[in-house]
Amino acid sequence: MTRTRGLVIAAATIPMLLGACAQPGTTPVAGAADPVTESASQDTTAVIRVEYRGGFVPPDFLLGRLPMVSVYADGRVITDGPVPLIAPGPALPNLQVQQVGPAVVEELTREALEAGVKTGYDFGSPGVADVPSTRVTVVTAEGTQVAEAVALSVAQADDPALSAEQKAARKKLAKFVDRLTALPTAEGMAKPAAYVPEEVAALASPWTDPGDGLAGKPVAWPGPALPGEALNASTGTHCVTATGAQKDAVWAAAEKANQQTPWESAGKQWRVLFRPLLPDESGCDSLRSAG
């Protein structure tokens, strides 16, 4: 049995880039067993993205939460895939990558705008507490459009706090979100491959024993010294990033770890949430605006 990590959709699309940066007839990505690492020749412009914002979750989860779908100008589709329902869960998320042609990216851009992705539109506030909002961002040659709807997938269809117009708009936006989140398994899509980033962030906070005996033995931290720079001083969440050989060492160690593994660095033990950086992200600063 598997579950899918938090859903967030941000769509960003610059159609005029596609002709120059995405080539028709791109060869589909290989099977899921074959990891795919970024190439310097690939376009890292995010053109479509879906993400959750806010919600009643731990601060480090907010900072490390991944978009569920990101589509790039070169046709890459990166999704936060299902992970095993085990406790504690694996340390690394299951990021997957597939390839689509420029016509598909253009079609998704058009569909996003038709679905009502427009900056400033009020989708209402349903009577649901502590639930994240779904953000859809579309970047076109004319500018960026962002739609954000609270409790988009869980609000009741007859919620009295919503007007008839808001209910209709939310239904249309939700349909587009479903279209994007179903893209990885859509007919004609290549089998997902594992996405391996060029840079990985480690969100570190002091480790405390959960008392369930599942954390395992402490592991020597193979990356830059923890805890790194403060991302959320009030909760003690810090961040370091690793690239090159250090990233490879961190990634290899994380593949054998779980979410409760204690990591030893500078004589202390740390809990680490691993956040692979996406092609359009760089450094810990790229995570500061998460929420």
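Every number in this text was worked out from the coordinates using simple rules, so none of it is lab data. Keep in mind that this is a model prediction, so the values were computed, not measured. Using ideal geometry, Cβ is built from the backbone for each residue, glycine included, and neighbour counts are taken over all protein chains shown.
If R0 equals 35 Å, the separation of the Cβ atoms of Lys172 and Ala245 corresponds to a calculated FRET efficiency of about 0.15. For the residues Val138, Val128, Val47, a GNM of the chain with alpha-carbon springs under 10 Å puts the largest fluctuation on Val128.
Going from the fewest other Cβ atoms within 10 Å to the most, the residues Val196, Val136, Val97 appear in the order Val196, Val97, Val136.
For Val50, Val154, the sequence from fewest to most other C-beta atoms within 10 Å is Val154, Val50. The phi torsions of region 70-76, fed into the Karplus equation with coefficients 6.51, -1.76 and 1.60 and a -60° offset, translate into couplings of 10, 10, 10, 4, 8, x, 5 Hz, rounded to whole numbers, with Gly and Pro shown as x. Angle of helix 102-114 to the longest C-alpha principal axis of the chain, folded into 0 to 90 degrees and rounded to 10: 70°. Counted residue by residue at 0.36 nm each, then reduced by the alpha carbon distance between them, the extension gain from Asn258 to Lys191 reaches 21.5 nm. Rounded to the nearest 10 degrees, the angle from helix 244-254 to the longest Cα principal axis of the chain is 80 degrees.
A straight Cα-to-Cα reach below 19 Å connects Lys172 with the lysines Lys118, residues fewer than 8 places away in its own chain not being considered. Looking at region 217-291 alone, DSSP beta bridges between its own residues are antiparallel in about 75 percent of cases. Entry note, the chain: the mean residue ellipticity at 222 nm calculated from DSSP H runs of n ≥ 4, each adding -39500 (n - 2.57), is -5500 deg cm²/dmol after division by the residues and rounding to the nearest 500. What does the C-alpha gyration tensor say about the overall shape of region 223-286? Classify as rounded when a/c is under 1.5, otherwise prolate if a/b is larger than b/c, or oblate. Taking the square roots of the gyration eigenvalues as a ≥ b ≥ c, region 223-286 is oblate.
Within a straight-line Cα-Cα reach of under 24 Å, Lys256 can be paired with the following lysines, leaving aside sequence neighbours fewer than 8 residues apart in one chain: Lys217, Lys247, Lys268. Applied to region 128-140, the Karplus parametrisation 6.51 cos²θ - 1.76 cosθ + 1.60 on θ = phi - 60° returns per-residue 3J(HN,Hα) values of 10, 9, 6, 10, x, 9, 9, 10, 10, 10, 10, 10, 10 Hz, with x for Gly and Pro. What shape does the chain have by the C-alpha gyration tensor, where a ≥ b ≥ c are the square roots of the eigenvalues, rounded means a/c under 1.5, and otherwise prolate means a/b greater than b/c and oblate the rest? Because a/c hits 1.5 or more and a/b fails to exceed b/c, the chain counts as oblate. Determine the shape class of region 51-186: with a ≥ b ≥ c the square roots of the Cα gyration tensor eigenvalues, call it rounded for a/c under 1.5, and otherwise prolate if a/b is greater than b/c, oblate otherwise. It is oblate, given that a/c is not under 1.5 and a/b is not larger than b/c.
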